[in-house]
Amino acid sequence: MIATAAIVADIVLILTHRVRAVPDPGKYAPWPYMAVGLAGCAAGWLVVGRPEAAWDDLFLALVCGVVVTSEAAHAARALSGRPWVGWATALVSGAAAATWLLPDPLPFT
């Protein structure tokens, strides 16, 4: 449930950024946000009790926790104008994506 809510929030944030933002002529590098999202995934995995992961669950957690999170972090930074908002979004969304690895939804365990 937490991972679903986080991915929906990330997608809404990305879509809002795409609608409201002025096209930026410069390119941005997603690698720092990807690294923080991956660290958030690892921290979330440790917090939820290091559950065993099947390949499909791991793939879903990494795509949501790294790829989608880095785009959402960039969108959050661009919309807010504050750098720390992007870093916080990457870390929290990455940690929330680790709950995809749980066999049951977190609120019901």
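The values are calculated or read from the model by the stated rules, or taken from the named source; none is laboratory data. Every value quoted in this text rests on a predicted model; they were computed, and no experiment measured them. Here the Cβ is made from the backbone with ideal geometry for all residues, glycine too, and neighbour counts use every protein chain on show. These area figures cover heavy atoms from the full protein model, side chains too; ligands, DNA and RNA do not enter into them. Shrake-Rupley method; radii C 1.70, N 1.55, O 1.52, S 1.80 Å.
Results for (1) under 13 Å from Gly94 (Cβ atoms); (2) in contact with a Phe, Trp or Tyr (Cβ under 6 Å, 6 or more places away or on another chain), shown as yes or no for each residue.
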residue: Ala42; (1), (2): yes, no
residue: Leu46; (1), (2): yes, no
residue: Pro51; (1), (2): no, no
residue: Gly65; (1), (2): yes, no
residue: Ala73; (1), (2): yes, yes
Quiz item: Is the stretch 4-18 home to any residue that is hydrophobic (A, V, I, L, M, F, W, C) and touching a Cys at 6+ places or on another chain (Cβ under 8 Å)?
Solution: yes
Quiz prompt | Residues of the stretch 63-79 satisfying the condition of being surrounded by fewer than 20 Cβ atoms within 10 Å (Cβ to Cβ) and more than 9 Å from the chain's Cα centre (by Cα) | solution = Ala78, Leu79
Quiz item: How do the pairs read when you match residues in the stretch 3-18 that are farther than 10 Å from Val68 by Cα and in contact (Cβ under 8 Å) with a residue 12 or more places away in the chain with residues anywhere that are among the acidic types (Asp, Glu) and surrounded by fewer than 17 Cβ atoms within 10 Å (Cβ to Cβ), using Cβ under 6 Å and keeping only pairs 6 or more apart or on different chains?
Solution: none
Quiz item: Would a scan of the stretch 15-36 turn up a residue that is closer than 18 Å to Met1 by Cβ, at pLDDT 90 or above, in a helix (DSSP H, G or I) and open to solvent by 60 Å² or more (accessible area, probe 1.4 Å)?
Solution: no
Practice problem: Spot the failing condition for Gly44; the list is (1) in contact with a helix residue (DSSP H, G or I) (Cβ under 8 Å, 6 or more places away or on another chain); (2) open to solvent by 80 Å² or more (accessible area, probe 1.4 Å), and only one is missed. | Solution: (2)
